[in-house]
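Peer 1: If you scroll down you'll find the structure; I have some questions about it.
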Protein chains: 2
Amino acid sequence: MTSIKIARFQPVNSSGNGNGLMTEQVVDQVRLLIQQGKLRPGDRIPPERELARQLGVSRASLRSGLRYLGAIGVLNSRHGSGNFIADGPPSLDGAPLNMLAALHGFTTRKMFEARRSVEVAVAGLAAEHATEEHLRIMAEELTETYAALDNPQEYLIHDFGFHRAVGVASGNPILSSIMEMISEVLYQRRCKTVGRSRDLKESVDMHRKIYRAIRARNADAARAAMSEHLMMAEQALAAEELSESGSDESNQSAAT
Amino acid sequence: MTSIKIARFQPVNSSGNGNGLMTEQVVDQVRLLIQQGKLRPGDRIPPERELARQLGVSRASLRSGLRYLGAIGVLNSRHGSGNFIADGPPSLDGAPLNMLAALHGFTTRKMFEARRSVEVAVAGLAAEHATEEHLRIMAEELTETYAALDNPQEYLIHDFGFHRAVGVASGNPILSSIMEMISEVLYQRRCKTVGRSRDLKESVDMHRKIYRAIRARNADAARAAMSEHLMMAEQALAAEELSESGSDESNQSAAT
DNA sequence: GAACGCAATTGGTCTGACCAATTGAAAGAA
DNA sequence: TTCTTTCAATTGGTCAGACCAATTGCGTTC
């Protein structure tokens, strides 16, 4: 019965954490650094081995914390290079919503309802806040969408690109992030059926209508156009999925 | 006896975040089990040592994957007991949004704008879809809020409880989850200042107005009342924060 | 000067051990 | 019997050190 004794006890309770879990200490410390402005988007954080020593935790625990930060989209790891604070525009990962959808059986219909609710509001804000640059990007996506009418995959990219541009133009990064989170999940579902779409022209015409309403600073018209557009898109998707009946019906749950 | 068999094979790759290969396999396998219905909310997954052996990865890598699933709210770990698939109502964790807020310096104003956009839509849907049971819960929270007018902390709980009830009544769990995610962040900020509030009575009166509009199935009135309510709440919070100027100003970033 | 190659840096994984919370069955008391 | 106490097995949490793999930068070579 030889026992390899390793004495250790870490007095790292410096900055107001109430829990005793090492991995959460790591998250708290990094969050503190971010909130204090010592870590900014794009910054590289110290190497794991060094940071682990500084925080007084093992590298495994440190990596647990970093993994959490990565999971919620705050951190990007590059093998051989380092760990970096996420840069670029604020973004909520769609994976959590996707997983929730799988767990609770969200229907495509409910997802579209959520998307419409958010995007209608976003369109209204865009009409109020869009800058000339925002309008330019929207117009560009619009053009690209028209140009891709005979290429469903490419079309879909610019379709969502337009909606993303509207989100940015709203001037509210929170709503924009939420919008993209929902769109991301629907985009994945859409990719499987877009080949059978036949109303692409009609859809992009409505994009144009939305764009014009925003450019005219007419919030009500922008909301109305977006609402109409997404309702029609939902019907189109439903029709496409219907034409594929028999291959996969994993998403219909009405359990309360 | 519930040995969950898991075949090792090609990744299905969904979210291209910076997770390692082994870790990603773990996440994908668990997601598969969920999507196939072999794991349901509340279920316990096999012990880590056993599951690691089944998947052919080390326990460390397995734990990386489980940590990711925990981060996005799919998994709950109970020390000494096991890992469980999240149960209860669908819920998006507010931590990612909170971290985004810290990273990009979201102002309370923008957060309120997002909250108002979502909740106005939610209120409209609630007016259309609320059941008698939903109305009962809303009424109950309303009563509790009135009863707690002299107890700010308790008041705040039922304040948000009412909004949550409206979210549930909307019949759309996606929107409801998003609404709570935003509210969670604002709730944390609100806790620090609620002691100085003096318009509580007025606020809960507006809750009553919203409730009546929903009960009357008047979606437009519900939206209008919610919009008005949240605009006033925002002004009240701004006033409270102003009265505290000088102690802590970590949240105002106007990226020049 | 450009292309190649090697070595240092750094994240990713593995192994095995020990710590800590939970659980349930065995032992003991009422 | 029935309840309480005790303790050992189970299981998640952490640690340590090693090695693998991708990246990067510098020095060599042509």
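What follows is calculated from the coordinates using simple rules that are stated; it is not laboratory data. Please read all numbers here as calculations on a predicted model, not as lab measurements. Don't worry about glycine lacking a Cβ; one is built from the backbone with ideal geometry, like all the others, and counts go over all protein chains shown.
Peer 1: Based on the Cβ-Cβ distance of A:R217 and B:E202, what FRET efficiency does E = 1/(1 + (r/R0)^6) give at R0 = 25 Å, to the nearest 0.05?
Peer 2: Given R0 = 25 Å and the Cβ-Cβ separation, E is 0.15.
Peer 1: I need the Debye-formula profile for the range A:16-150: one equal scatterer per C-alpha, no solvent, reported as log10 I(q)/I(0) at q = 0.12, 0.13, 0.21 1/Å, two decimals.
Peer 2: Values returned for q = 0.12, 0.13, 0.21 Å⁻¹ are -0.75, -0.83, -1.19.
Peer 1: Let me ask something else. Work out, step by step, the length gained on full extension between B:H79 and B:M232: first 0.36 nm times the residue separation, then minus their alpha carbon distance; give nm to one decimal.
Peer 2: 50.7 nm
Peer 1: Which helices, counted as full DSSP H runs in chain B, have an axial Cα extent of no less than 20 Å and a Kyte-Doolittle average of 0.0 or above?
Peer 2: B:21-35, B:152-169, B:173-191, B:219-242
Peer 1: Oh, and also: For the range B:137-217, state the semi-axes of the equivalent ellipsoid (square roots of 5 times the eigenvalues of the alpha-carbon gyration tensor), sorted largest first and rounded to whole angstrom.
Peer 2: Its equivalent ellipsoid spans semi-axes of 21, 17, 9 Å.
Peer 1: If you don't mind, another one. Just to confirm my numbers, what's the Cα centroid distance between the range B:93-109 and the range A:177-212 in Å?
Peer 2: Computed from Cα coordinates, the inter-centre distance equals 28 Å.
Peer 1: Show which aspartates and glutamates lie in cross-link reach of A:K209 when reach means a straight Cα distance below 19 angstrom and same-chain residues fewer than eight apart are skipped.
Peer 2: List returned: A:E119, A:E128, A:E132, A:E133, A:E140, A:E141, A:E144, A:D159, A:D199, A:D220, A:E228, A:E234.
Peer 1: Under 25 °C and 0.890 mPa s, how fast does the protein assembly as shown diffuse according to Stokes-Einstein, given a Kirkwood radius computed over C-alpha pairs? Answer in µm²/s, whole number.
Peer 2: 100 µm²/s
Peer 1: Pull out the extension gain between A:R109 and A:L242, defined as 0.36 nm times the separation in residues minus the alpha carbon to alpha carbon distance; nm, one decimal.
Peer 2: Here the segment from A:R109 to A:L242 would lengthen by 46.6 nm.
Peer 1: Same structure again: Report the Stokes-Einstein translational diffusion coefficient (µm² s⁻¹, integer) for chain A, Rh taken as the Kirkwood radius over Cα pairs, at 10 °C with viscosity 1.306 mPa s.
Peer 2: This corresponds to a translational diffusion coefficient of 75 µm²/s.
Peer 1: Testing the spin-label approximation: label points 7 Å from Cα along Cα→Cβ at A:L135 and A:N151. State their distance in nm.
Peer 2: 2.9 nm
Peer 1: Would you mind telling me which residue in A:L125, A:L100, A:L156 has the biggest mean-square fluctuation in a Gaussian network model of chain A, where springs connect alpha carbons within a distance under 10 angstrom?
Peer 2: Fluctuation is largest for A:L100.
Peer 1: Separate question: For the protein assembly as shown, give the magnitude of the charge dipole about the Cα centre (Cβ charges: +1 Lys/Arg, -1 Asp/Glu; no others), in debye to the nearest 20.
Peer 2: Result for the protein assembly as shown is approximately 1680 debye, rounded to the nearest 20.
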